[in-house]
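*Asks:* One structure coming up, written as structure tokens, with questions to follow.
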Amino acid sequence: MDAMQQVSRRAFLQASLAAPFYIACRRSGRTIRIEDVRWGYEEYSYRAPLKFGAVIVDRVTLLNVWVTVSGARKTQEGFGSMPLSNLWAWPSPVVPHQTTFEAMKRLAERCARIAGQYKEPGHPIDIGTALLPQFLKAADEISQELQLAEPIPKLATL
């Protein structure tokens, strides 16, 4: 089999769909450098509980991240927020819900520190690609530190 036959259809289609966006971003020459990363949490209680799989959920924790970057001519701050949903990203039959939640919080904080220490300039996609192995390593380290019955899954790390 040659190299083209070894690529799955799904991988080929994903790469094909992402390629125009990636090429356009790369051609724009927009490189940034991470200057600062801050994070925080917001807690919300639902008015009515939701059933998520076999678990009743009555609250959500949002992970908020602020990133300051510098570019060719200016410095800007960006903001992102997402639910820290261990029930979706790490539905474990062997690790208790509160333990997976605390592990994901610890991982988010460590990833924010890792990103804040990354000082190589680059396109945001390239920076994310460069940081991913460090994030996955941090997930493995936290899994060992907490002596978890199963490691933090990649989905929870992403």
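The values are calculated or read from the model by the stated rules, or taken from the named source; none is laboratory data. The shown structure was predicted, so the numbers you read here are calculated from the model rather than taken from an experiment. Here the Cβ positions follow ideal geometry from the backbone for every residue, glycine too, while neighbour counts run over all protein chains shown. The accessibility values were calculated without ligands, DNA or RNA, using every heavy atom of the protein model including side chains. Shrake-Rupley method; radii C 1.70, N 1.55, O 1.52, S 1.80 Å.
*Asks:* State whether the residues of segment 13-32 include one that is part of a loop (DSSP other than H, G, I, E, B), at pLDDT below 90 and surrounded by 11 or more Cβ atoms within 10 Å (Cβ to Cβ).
*Replies:* yes
*Asks:* Let me ask another. Select from segment 104-130 the residues that are at pLDDT 95 or above and under 18 Å from Ala89 (Cβ atoms) and list them in ascending order.
*Replies:* Met104, Lys105, Arg106, Leu107, Ala108, Glu109, Arg110, Cys111, Ala112
*Asks:* Could you tell me which numbered condition Gly78 fails, if it satisfies all but one of (1) closer than 20 Å to Leu155 by Cβ; (2) open to solvent by less than 90 Å² (accessible area, probe 1.4 Å); (3) in contact with a strand residue (DSSP E or B) (Cβ under 7 Å, 6 or more places away or on another chain)?
*Replies:* All conditions pass for Gly78, except number (1).
*Asks:* If I filter segment 37-87 down to residues being free of Cβ contacts under 8 Å to residues at least 40 places away in the same chain and not in a strand (DSSP E or B), which single residue comes out as nearest to Ile114 (Cα to Cα)?
*Replies:* Looking at residues that are free of Cβ contacts under 8 Å to residues at least 40 places away in the same chain and not in a strand (DSSP E or B), I get Ser85.
*Asks:* Condition test on Asp140, is it open to solvent by 50 Å² or more (accessible area, probe 1.4 Å), in contact with a Pro (Cβ under 7 Å, 6 or more places away or on another chain), under 19 Å from Glu42 (Cβ atoms) and charged (D, E, K, R)?
*Replies:* no
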